[in-house]
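Report on one structure; see the data block that follows.
The values are calculated or read from the model by the stated rules, or taken from the named source; none is laboratory data. Keep in mind that this is a model prediction, so the values were computed, not measured. Heads up, the Cβs are rebuilt from the backbone with ideal geometry, glycines too, and the neighbour counts pull from every protein chain shown. Quick note on the areas: whole protein, heavy atoms, side chains included, nothing else; ligands and nucleic acids left out. Shrake-Rupley method; radii C 1.70, N 1.55, O 1.52, S 1.80 Å.
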Amino acid sequence: MAPTIMMRPTKKDWQRQSQSESEDDDMVGKKDLLPLVMSQVGQHFVPLVITMVGLPARGKTILAYKIQQYLNWTNHKAKVFSVSSYRRKHIELYSSHDLFRKENSEAAEIRQLSAQEAQDDATKWLQDGGDVAILDGTHITQARRQTVYDHFAKVMGYKVLFIECVCDDEMLIEHNVKEVMQFSKDYRNMSSEKALDDFHHKIEHYMEQHEPMKPKSDGYSYIKYLNAGESLTVCRLNSPMQSEVLAFVSNFKPLAKTFYFSRHGESENNVLGRIGGDAELSVRGRTYAAALARYFNNENRLDGLRVWTSELKRTHQTAQGIKAPIEPVPFLNELYAGVCEGLSYEEMQCKFPQEFAWRDQDKLQYRYPWGESYIDIMTRLKPVLLELEGDMDNLLIISHQAVLRCLLGYFLNKKHEELPYINVPLHTIIKLTLNGYKCKMEVIKLNIECVDTYRMQPKNCSVNRSTDDALLTVPAHFENLSLWNHAPIVQL
């Protein structure tokens, strides 16, 4: 079954099949694949500098790193430059809040130097090809903000966006303070009681110097992020990249949350080693579906649980016993293999050996003829990611190998080229616990036997390779369904 959203194949997608298998075909294949991702990048004209603004414990750092994560996922080069990290290079051992007193001129010089170093490194990084630099600091005075704006906008000619994190919810502030106590390097060697007292004094010192932004008169591009996304104020956004940042910020809620991910139970096509399709679950797949239902129908896990599946029937069959709301989401459909849907790897090598080789050369960018690539999957998953970054919690996603590789790769900060080789085995629950920009993964293997569908990248990816070399890493599978309960697995 084809996914609901699919990019139209280009002329070059079909030209690939008629390329002669000459000695330089490997490079031809790679060149033909490049246009598939070039449309995803470079959609703005000058670099963007995002400047975080606000008192301590207002959520600036979490938001900065989550913006970095999302923009890198969407094929932009983004990097956070933390002013406090530069400060720690000059003062390795933090002693007390006196460092932040207004009258402490020596410490003020160090903080000023740290801010300048972050600014200098951000400038160099953008000059070297970066797209978005994120300055993570307080920037609480108008003079400091003007310095940043004058350098990046007037001298360098870059776009500058200020994001001011404001919080007047005392319970939320206390929650943020506890997170700082847990993660900040400044308080690792302090007792919790002393650290808490010290940090509150630090906030007081910053409040004495704080000059709130005035978006109507300042003249900057500006987003006000109030109470962890409870409301937003936006002024003067003037580039597609700034609008993309706004799309993320307007959805993001910095809440602790838990997500569960599972592939569908073993399908009949899995048993036969076939790609894609809309097959039924195998006997063992139905056994896994029953075990999955028992696992989630536990009172502790079921409370507030929601389930998302793809539109394909093997995910519906896997979810049917779970006593929670179930919603099919078309964005979660498996990567569509086009003319190769339903083929085994052996059949693909026989019918389309050049395509099979090109896929092995660059699995991330390769697009099946009349089908999809991993890049296409990443693009159609953007609405899903924005939902997950909101106030969603206690959600089980039952989907497919390629889709779950992309989702897990996002939260685990994997490089794009790593995505096609993340191991997401059948009959396994993957639990992610998110706390701010930290992510903890737990793997829960349900003891239901199944085939292994993981295929490593072969060493020989040439279009001139032998069939044996091409099929060297193809996982073992059964020859037909009538024998799979008894016959030995075919090992290639």
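With equal scatterers on the alpha carbons only and no solvent term, can you work out the Debye log10 of I(q)/I(0) for segment 150-234 at 0.10, 0.13, 0.15, 0.23 1/Å?
Log10 I(q)/I(0), no solvent term: -0.38, -0.61, -0.76, -1.13.
Net charge near T453: determine it from the other residues with C-beta under 10 Å of the C-beta of T453, scoring Lys and Arg +1 and Asp and Glu -1.
Neighbourhood net charge equals 0.
Lys and Arg at +1, Asp and Glu at -1: add these up for the other residues within a Cβ distance under 15 Å of Y222 and post the number.
+4
Sorted from largest down, give the three principal axis spans of the alpha carbons of segment 169-298, whole angstrom values.
68, 47, 25
Probe radius 1.4 Å, ligands and nucleic acids ignored: give me the carbon and sulfur share of the accessible area of segment 169-223 as a rounded percent.
50 percent
Please compute the Kirkwood hydrodynamic radius of the chain from all pairs of different C-alpha atoms, in Å with one decimal.
For the chain, inverting the mean 1/r across all distinct Cα pairs yields 25.2 Å.
Show that you can apply the helix-only estimate: for the chain, add -39,500 (n - 2.57) for every DSSP H stretch of four or more residues, divide by all residues, and state [θ] at 222 nm to the nearest 500.
The helix-only estimate for the chain comes to -11000 deg cm²/dmol at 222 nm.
State which entries of K60/K202; K60/K431; K102/K224; K124/K159; K414/K459 exceed 19 angstrom in Cα-Cα distance in the structure shown.
K60/K431; K102/K224; K414/K459
Pull up the cross-link candidates among the aspartates and glutamates for K253, meaning alpha carbon to alpha carbon under 12 Å and not fewer than 8 places away within one chain.
Those aspartates and glutamates meeting the cut-off are E230, E387, E389, D391, D393.
Relative to the longest principal axis of the chain, what angle (0 to 90°, nearest 10) does the C-alpha long axis of helix 401-411 take?
Its long axis makes an angle of about 10 degrees.
If R₀ is 45 angstrom, what is the calculated FRET efficiency for the pair E109 and D303, using the beta carbon separation as r and rounding to 0.05?
My answer for the efficiency is 0.25.
How much of C450 can a 1.4 Å solvent probe reach, expressed as accessible area in Å² and rounded to 10?
40 Å²
Leaving out ligands and nucleic acids, note down the accessible area per residue over segment 334-393 with a 1.4 angstrom probe, in whole Å².
28 Å²
So for segment 39-135, Kirkwood radius off the Cα pairs, Stokes-Einstein at 20 °C and 1.002 mPa s: how many µm² s⁻¹?
Diffusion coefficient, whole number: 145 µm²/s.
Percent relative contact order of segment 199-335, based on C-alpha pairs within less than 8 angstrom and at least six residues apart?
16 percent
Give the calculated FRET efficiency between S85 and Q457 to the nearest 0.05, with a Förster radius of 51 Å applied to their Cβ-Cβ distance.
Rounded to the nearest 0.05, the efficiency is 0.90.
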